[in-house]
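Report on the structure given below.
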Amino acid sequence: IGDVIYGSTGGSRAPTVSAIDLNEGKFLWRERGFGQSNYLSVGERIIILDERGTLALAHPTAQGLGIVGRQKILSAEKVWTVPTMIGDTIYARDQKEIVALQLK
């Protein structure tokens, strides 16, 4: 988003959500609280789906992640797919189920 890359770093032992400044090549911040995650950029926000099935909406800035909301939505042991958004509906899946969540 802009000149910042947001993503998971740290591998499976100590994953963090991190922000890296593209111009400087330096970390702006790192935050714990999610396992390995997939991200979807939606305007100035990001949708995060971690490997434990937790979906979050965040409004990241240069200072931090800015979680707007978070909810466990899937129950499989590992969730490794990227969430998809069509219109105002988010789709997510694991090995057993698929969910559709309408944003309001």
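The values are calculated or read from the model by the stated rules, or taken from the named source; none is laboratory data. Please read all numbers here as calculations on a predicted model, not as lab measurements. Don't worry about glycine lacking a Cβ; one is built from the backbone with ideal geometry, like all the others, and counts go over all protein chains shown. Keep in mind that these areas ignore ligands, DNA and RNA; they rest on the heavy atoms of the full protein, side chains included. Shrake-Rupley method; radii C 1.70, N 1.55, O 1.52, S 1.80 Å.
Six or more apart or on different chains, Cβ under 9 Å: which pairs go from a residue in the stretch 80-104 that's over 21 Å from Phe34 (Cα atoms) to one that's open to solvent by 100 Å² or more (accessible area, probe 1.4 Å)? Could you list them?
Once the first residue is over 21 Å from Phe34 (Cα atoms) and sits in the stretch 80-104, its partners that are open to solvent by 100 Å² or more (accessible area, probe 1.4 Å) give Gly87/Gln102; Asp88/Gln102; Asp88/Lys104; Thr89/Gln102.
Ser37 passes all but one of (1) touching a Leu at 6+ places or on another chain (Cβ under 9 Å); (2) open to solvent by 40 Å² or more (accessible area, probe 1.4 Å); (3) small (Gly, Ala, Ser); which number fails?
Answer for Ser37: the failing condition is (2).
Leu57 passes all but one of (1) open to solvent by less than 50 Å² (accessible area, probe 1.4 Å); (2) within 19 Å of Ser8 (Cβ to Cβ); (3) not charged (D, E, K, R); which number fails?
Against the list (1) open to solvent by less than 50 Å² (accessible area, probe 1.4 Å); (2) within 19 Å of Ser8 (Cβ to Cβ); (3) not charged (D, E, K, R), Leu57 comes up short only on (1).
Looking at Trp29 and the list (1) in a loop (DSSP other than H, G, I, E, B); (2) more than 21 Å from Gln102 (Cα to Cα); (3) open to solvent by less than 40 Å² (accessible area, probe 1.4 Å); (4) at pLDDT 90 or above, which single condition is not satisfied?
Condition (1) is where Trp29 drops out.
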